[in-house]
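Laboratory data are not the source of any read-out in this text; all were calculated from the coordinates shown. Quantities reported herein were computed from a predicted structural model and do not represent experimental measurements. Backbone-built Cβ (ideal geometry, glycine too); neighbour counts: all protein chains shown.
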Amino acid sequence: QQKVQQSPESLIVPEGGMASLNCTSSDRNVDYFWWYRQHSGKSPKMLMSIFSNGEKEEGRFTVHLNKASLHTSLHIRDSQPSDSALYLCAASRTGGYKVVFGSGTRLLVSP
Amino acid sequence: NAGVIQTPRHKVTGKGQEATLWCEPISGHSAVFWYRQTIVQGLEFLTYFRNQAPIDDSGMPKERFSAQMPNQSHSTLKIQSTQPQDSAVYLCASSFSGTGEQYFGPGTRLTVL
């Protein structure tokens, strides 16, 4: 049974600071990683995806992927209070397998 | 595009009663997923359809839970003999393909008294 482990469970960063979130899959055949963000009382919404080794940047958000170690990380620079949310990492493999979600990292950005 | 539609948004049942939750995926999406979310357990996968066919129901509690997708425009999750531990937010998501970005509905909050 594939597992997706996220760390830390919770994180507090000051406004303007850098938040770093980690995610590792136990499935050596995983091909795709996503990061979803879920604000309190809302549904998860896809933030970024990464399928190839390396780095991808979109505004204040950067994701890294190391396929050899099955590890991805999400970095948020210049964190804002509006970034406070639950961040979910998800992984899947090709072939129509289900997407497996981690338990999430709860980020609080303190003003 | 209205997004994924889930009804009802809130449902309260008594212990032992039946609950049916509805999901209308985004038009053109071939995959539909059902999840359950609680503070304690987090986001739990329940079941997954692609092109209306059941693909994976490994997360479904076997005895009281069932899901169907009779046509491409809606799916239902039925819980028989609801128990207090079934209280959760039930989320439906759809994607263009089974491995693509998932779009989540607003969820149905089920409370079993």
Inset, instruction - Considering every residue within the range B:49-67, establish whether at least one is on the phi < 0 side of the Ramachandran plot, among the small types (Gly, Ala, Ser), more than 9 Å from chain A (Cβ to nearest Cβ) and in contact (Cβ under 8 Å) with a residue 60 or more places away in the chain. - result: no
Inset, instruction - Search the range A:14-30 for residues being within 16 Å of the chain's Cα centre (by Cα) and farther than 30 Å from A:Tyr97 by Cα, and hand back the single one that is surrounded by the most Cβ atoms within 10 Å (Cβ to Cβ). - result: A:Ala19
Inset, instruction - Among the residues of the range A:47-90, write down those that are over 16 Å from A:Thr105 (Cβ atoms) and in contact with an Asp or Glu (Cβ under 9 Å, 6 or more places away or on another chain). - result: A:Ser49, A:Phe51, A:Arg60, A:Leu65, A:Lys67, A:Leu70, A:Asp78, A:Gln80, A:Pro81
Inset, instruction - Might you let me know whether the range A:48-61 holds any residue that is touching a residue at least 24 places away in the same chain (Cβ under 8 Å) and buried (at least 21 other Cβ atoms within 10 Å of the Cβ)? - result: no
Inset, instruction - Taking the residues in the range B:69-97 that are under 14 Å from B:Trp34 (Cβ atoms) and over 10 Å from the mean Cα position of the chain (by Cα) as candidates, determine which candidate is nearest to the other protein chains (Cβ to nearest Cβ). - result: B:Ser95
